[in-house]
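Q: Below you will find the structure I want to go over with you.
The values are calculated or read from the model by the stated rules, or taken from the named source; none is laboratory data. Bear in mind the structure is a predicted one, so any value in this text is a computation, not a measurement. Heads up, the Cβs are rebuilt from the backbone with ideal geometry, glycines too, and the neighbour counts pull from every protein chain shown. Ligands, DNA and RNA are stripped out before the accessible areas are found, and what is left, the full protein with its side chains, is counted by its heavy atoms. Shrake-Rupley method; radii C 1.70, N 1.55, O 1.52, S 1.80 Å.
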Amino acid sequence: MRKVNLLPLIFAVAAVNVLAAEIPLVGVWKLNPPKSHFSHGNLPLSLVLTITADGTDGIQYSSKNHLVDGSSGGASFHAKFDGKDYPVTGAPSYNMVSISRVNGSTFNVKMKKDGQVIVDTTYAVAPDGKSLTRKGTASHGEVNQFAEWFDRQ
């Protein structure tokens, strides 16, 4: 009978858990509409953010939404926390994103269209890790202040 060495697998699982612990954004987050608001316009009917670690200094981000008008969409990107621009796919309103880490649980995310910032947001994970707020200003067309609340799934 052949022996299987599980030690490499155990180390790999532990490494993934360490990366997730260092980046509190990592997880699946679902919009909580009753706790969220836009200064004008409609909130999405549903919005889910899926964020995974990309090393210790970046993330892979994917969003899926369903809007009041019946349309659906989302965006995807890989970005480091270095404030540099990274390409975005799937989002017609912006094509680049930059992320900076403000502190251990707060991140500034700028969404850009052809170099111009159109959405400036702050993502903050609650101390208990169960919720995420995304607050900011969108300025594509008209200015919209927003505060979105997400629950960890």
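Q: Using alpha carbons only, how many angstrom separate the centre of the stretch 30-66 from the centre of the stretch 126-140?
A: Using only Cα atoms, the two centres lie 9 Å from each other.
Q: While we're here: Just by accessible area at a 1.4 angstrom probe, what is the order of Trp29, Trp149 from largest to smallest? Show your work: numbers first, answer last.
A: On the way: Trp29 0, Trp149 70 Å².
From most exposed to least exposed: Trp149, Trp29.
Q: Do any trypsin sites (Lys or Arg not before Pro) in the stretch 22-105 lie in a DSSP loop with no more than 14 other beta carbon atoms within 10 Å, and if so, which? Don't skip to the end; give the middle numbers.
A: Working: sites: Lys30, Lys35, Lys64, Lys80, Lys84, Arg101; in loops: Lys84.
Passing both the DSSP loop test and the Cβ count: Lys84.
Q: Now for a separate question. Grab the other residues whose beta carbon is less than 13 angstrom from that of Gln116, score K and R as +1, D and E as -1, and report the net. Working shown, then result.
A: On the way: positive: Lys110, Lys112, Lys113; negative: Asp85, Asp114, Asp120.
Taking every other residue near Gln116 into account, the sum is 0.
Q: Give the shape of the stretch 37-153 as rounded, prolate or oblate, defined through the alpha-carbon gyration tensor: a ≥ b ≥ c are the square roots of its eigenvalues, a/c under 1.5 means rounded, and otherwise the shape is prolate if a/b is larger than b/c and oblate if not.
A: Working: a/c = 1.42, a/b = 1.16, b/c = 1.22.
Note, shape of the stretch 37-153 comes out rounded.
Q: How large, in percent, is the carbon and sulfur part of the accessible surface of the stretch 45-144 at a probe radius of 1.4 Å? Show your work: numbers first, answer last.
A: On the way: 2680 of 4980 Å².
Answer for the stretch 45-144: carbon and sulfur cover 54 percent of the accessible area.
Q: First select every other residue whose beta carbon is under 15 angstrom from the beta carbon of Ser139; then total the charges, Lys and Arg +1, Asp and Glu -1. Display every interim value, and only then the final one.
A: Details: positive: Lys110, Lys112, Lys113, Lys135; negative: Asp114, Asp120, Glu142.
That sum, taken over residues with Cβ under 15 Å, equals +1.
Q: Same structure, new question: Among the lysines, which fall within straight-line cross-link reach of Lys112, defined as a Cα-Cα distance under 20 Å, with same-chain neighbours fewer than 8 residues apart omitted?
A: Lys64, Lys80, Lys84, Lys135
Q: Solvent-accessible area per residue for the stretch 49-153 at a 1.4 Å probe radius, Å²? Before the final figure, lay out each step's value.
A: Details: 5260 Å² over 105 residues.
Accessible surface, normalised per residue, equals 50 Å².
Q: Between Ser39 and Gln153, what is 0.36 nm times their sequence separation minus the Cα-Cα distance? Round to one decimal in nm.
A: Values: separation 114, 0.36 × 114 = 41.04 nm, distance 2.65 nm.
Between Ser39 and Gln153, full extension yields an extra 38.4 nm.
Q: A further question on this structure: What size of dipole, in debye to the nearest 20, comes out for the stretch 114-153 about its Cα centre when the only charges are +1 on Lys and Arg C-beta atoms and -1 on Asp and Glu C-beta atoms? Each step should come with its number before you reach the end.
A: Values: 4 positive and 6 negative charges, 41 e Å.
In total the dipole reaches around 200 debye.
Q: Additional query: Arrange the residues Thr133, Thr121 by how much accessible surface each exposes, largest first, with a 1.4 angstrom probe. Spell out each step's value before the answer.
A: On the way: Thr133 35, Thr121 0 Å².
Sorted descending by solvent-accessible area, the residues read Thr133, Thr121.
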